[in-house]
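Just so it is clear, none of the values below were taken in a lab; they were calculated from the coordinates. All of these numbers come straight from a predicted model, not from anything done at the bench. All Cβ positions, glycine included, derive from the backbone under ideal geometry; neighbour counts span all protein chains shown.
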Amino acid sequence: MTALSTFLRKTPGEALREYFDRPEIGLPTGFDWSLPEPELPRPLLGAIEGMTRSQRDRISNDAERVNALADEAGQAAIYSVAEDPAVLDGLSNAHARALWMFLNAPDRFRHAEEVRFTEDRRRGRMWAGFMTEAG
């Protein structure tokens with residue numbers, strides 16, 4: 001739930017509403033979006049807890065994917081694949097940009113995930129060394 005909590009706290013309310021208003025997410029239609037932005041995460045978590053396991057899993061997975069592209073390396077990946085970076089510049093923060101790309105350009109979002117993954121692995125040590133006796 002850490003990724004979900006981070007997603008709910010750091011994503012602007014307007015962007016959260018755009019995400020949760022999608023029919024495939026299944027948030028109850030009576031959710032009160034008029035709450036002040038800092039107060040949205042708690043009731044959203046409560047509403048999510050009342051959903052089916054598959055709905056919760058989908059939201060949690062989406063939150064992890066958005067969070068993964070909300071840091072500096074993720075933002076570089078998003079901007080590298082953006083069709084119009086000026087659209088991203090107009091959004092309030094990294095989570096808003098990542099979620100916007102996730103919702104409005106899913107193919108480019110997946111490409112940004114691949115760019116991010118490749119960059120992480122290119123610089124990281126993805127092998128193990130072993131010492132053995134000669135002979």
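Label positions at ASP120 and ALA76, each projected 7 Å from the Cα along the C-beta direction, are separated by 1.4 nm.
Take the eigenvalues of the Cα gyration tensor for the range 71-117, scale each by 5, and report the square roots as semi-axes in whole Å, largest first.
Working: eigenvalues 41, 26, 17 Å².
Whole-Å semi-axes of the equivalent ellipsoid: 14, 11, 9.
Below 8 Å, C-alpha to C-alpha, sequence gap of six or more: please give me the relative contact order for the chain in percent.
Values: 105 pairs, mean separation 36.3, N = 135.
27 percent.
Taking 37 °C and 0.692 mPa s as conditions, the chain diffuses translationally at an estimated 201 µm²/s according to Stokes-Einstein applied to its Kirkwood radius (Cα pairs).
Quick one: length gained pulling ARG53 to GLU24 fully straight, 0.36 nm per residue minus the C-alpha distance?
Numbers: separation 29, 0.36 × 29 = 10.44 nm, distance 1.37 nm.
Answer, rounded to one decimal: 9.1 nm.
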